[in-house]
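To start, the structure itself, in structure tokens.
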Amino acid sequence: MSTSLPQRFSFDDARVLVIGDVMLDKFRYGTVTRISPEAPVPVMHVASERTMLGGAGNVLANLVALQCECGLIAMIGADDAGRHCRQMIEALDVDPELLVIAPARVTTLKTRLVSGSQQLLRCDEEDATPIDAAIEEQLIARFEDALGDYTAVAISDYAKGVLSDRVLRHVIDRCRETNVPVIVDPKRRDLAVYAGATAIKPNRSELAAFTGTPCSDGPSRRAAADRAMEATGAAILLTLSEDGMALFRPGSAMQHFHATATEVYDVSGAGDTALAIFSAGIAAGMAMEESAMLANAGAGAVVRKLGTATLSRIELAEAVAAVDGRQTGAICSRAEAARQVAHWKQEGLRVGFTNGCFDIVHAGHIEILRQARARCDRLVVGLNSDASVSRLKGPERPIQPESSRAQVLAAIDAVDLVVVFDEDTPLDLITALLPTELIKGADYTEDKVVGAREVKAAGGRVHLIDLVPGLSTTRAVERIRRRAEPADQS
């Protein structure tokens, strides 16, 4: 069966309630150059450390990155890790009041030692024993208070105790009663405990463990999925690592979505990203196969990042475009660009900015963009609107409308984002984005570069790059007009 990715998607109407096991993921990065004299183990010199929300918390972080309205019901301990989780949830601008604090339990903390792209060791601090009845009551009460505000529920089960039989059954039954889709990322061996869910997202080993079928090829996956669907009544979105994903629904043919990742740096949290995107799509009213295709494209993109990473809406759009063979750059609003630039900067990426009219793109423009991209990890291009170009260049300009100029720029490999601005200068746009690298042609001096002071005050840098001599849109337009003029008949 042939299907294509949705060319346009929006999560504006998606409101997703996440319930499950939240944890703290700590990554310590360093280099290994020798073996310990005390034991035959490597010695790692720690250079940096990052701490991120994991488990259900990472599902939440991904939903926030996708600009979805979302909430989180989870349990934390009255410890440093729990307090850190709460602070990070607040930093996402999500109300932490749905969290349940269990003073007698520890918050799950996973510490990973990473050298290069190789994970050397993981240390877990956790309490996976069943929760008591009092905690169950609090979780159920939080769920009842919140359910009416959401259009889908995502269950993130890491088998750390939050999703007891009682809590799980209450959540699924109440979702069915209120016609709210519920999507499960399972951890339990017995998938039948999730009976009544809208969709379940097991991996190959989880489905094989439940059915006793190896899931090594199409027929065995179909047989295993049929058994799981019979036991649960749910659709099965089977994740297959390097083989992508397969969607099974009762009475329908299997739909296989091939993997999109060409380079895999870290699979930590990729399943959380897939759950977030799949749930967001269903919450927004998309068809299940469209949601699955988006989830597959997103998972293929997020494994290219180190650590428990998230994927923004713009990055998802780029992943979708890459799968479908369309342009790789994104054309977005100022507000969307500001969110994306902040996201990139949080990941430690150098974000470059340059601007211009780009009316008739020529080799000089391409060279400027190529050199600009070489000075950063992500390049944003500010594009003068039609009204702005007319004020600057005269009433006969631009030759190409802003929509066409933006599409041309977005199709250039060096460009990651295109933002149209209506002012005469890009100062307001630069101030809103605060790129780390501001790039202009060497026909300027630094004191004449718009936004240089603001970028440098924020710790950024200004780059002046050489122009290709003799190339100018204005000259090209004049040359075209001269050639179009009728010859003198006298």
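Of the residues Ala246, Gln138, Phe210, the one whose Cα sits farthest towards the positive end of the charge dipole of region 101-259 is Ala246 (charges of +1 on Lys and Arg Cβ, -1 on Asp and Glu Cβ, taken about the Cα centre). Based on Cα atoms of region 167-319, Rg over Rh with Rh as the Kirkwood radius reads 0.95.
Under the 0.36 nm per residue contour assumption, what length would be gained going from the current alpha-carbon distance of Ala335 and Ser220 to full extension?
36.7 nm
Here each label is just a point 7 Å from Cα along the line to Cβ, and for Asp165 and Ala39 those points are 4.0 nm apart. The HN-Hα couplings worked out from phi for region 361-371 by the Karplus form 6.51 cos²θ - 1.76 cosθ + 1.60 (θ = phi - 60°) are 5, 10, 4, x, 4, 4, 5, 4, 5, 5, 5 Hz, whole numbers, x standing for Gly and Pro. Each DSSP beta bridge with both residues in the chain is either parallel or antiparallel, and the antiparallel ones are about 35%.
Ratio of Rg to Rh for the chain: 1.04 [Cα atoms; Kirkwood radius as inverse mean 1/r over pairs].
Once the Cα atoms of helix 334-346 and of the chain are each reduced to a long axis, what angle between those two axes, in degrees from 0 to 90 to the nearest 10, is obtained? Tilt relative to the chain: about 60 degrees.
So how tilted is helix 133-146 from the main axis of the chain? Cα-based, degrees 0 to 90, rounded to 10. Helix 133-146 sits at roughly 40 degrees to that axis. Charged side chains reduced to their Cβ positions (Lys and Arg at +1, Asp and Glu at -1) give the chain a dipole of some 1140 debye around its Cα centre. Beyond 30 Å in Cα-Cα separation lie the following of the pairs Lys26/Lys345; Lys26/Lys187; Lys26/Lys456; Lys393/Lys448; Lys110/Lys345: Lys26/Lys456. Computed from point charges on the beta carbon alone (+1 for Lys and Arg, -1 for Asp and Glu), the dipole magnitude for region 118-244 about its Cα centre is near 460 Debye. With a/c under 1.5 counting as rounded, go ahead and sort region 116-159 into rounded, prolate or oblate using the C-alpha gyration tensor (a ≥ b ≥ c being the square roots of the eigenvalues; past the cut-off, prolate if a/b is larger than b/c, else oblate). It is oblate, given that a/c is not under 1.5 and a/b is not larger than b/c.
Shape verdict for region 1-101, please, from the Cα gyration tensor: rounded (a/c under 1.5), prolate (a/b greater than b/c) or oblate. Here region 1-101 falls in the oblate category.
None of the figures in this text is laboratory data; all of them are computed from the coordinates on show. Quick caveat: nothing in here was measured; it's all calculated off a predicted structure. Virtual Cβ from ideal backbone geometry, glycine too; neighbours counted across all protein chains shown.
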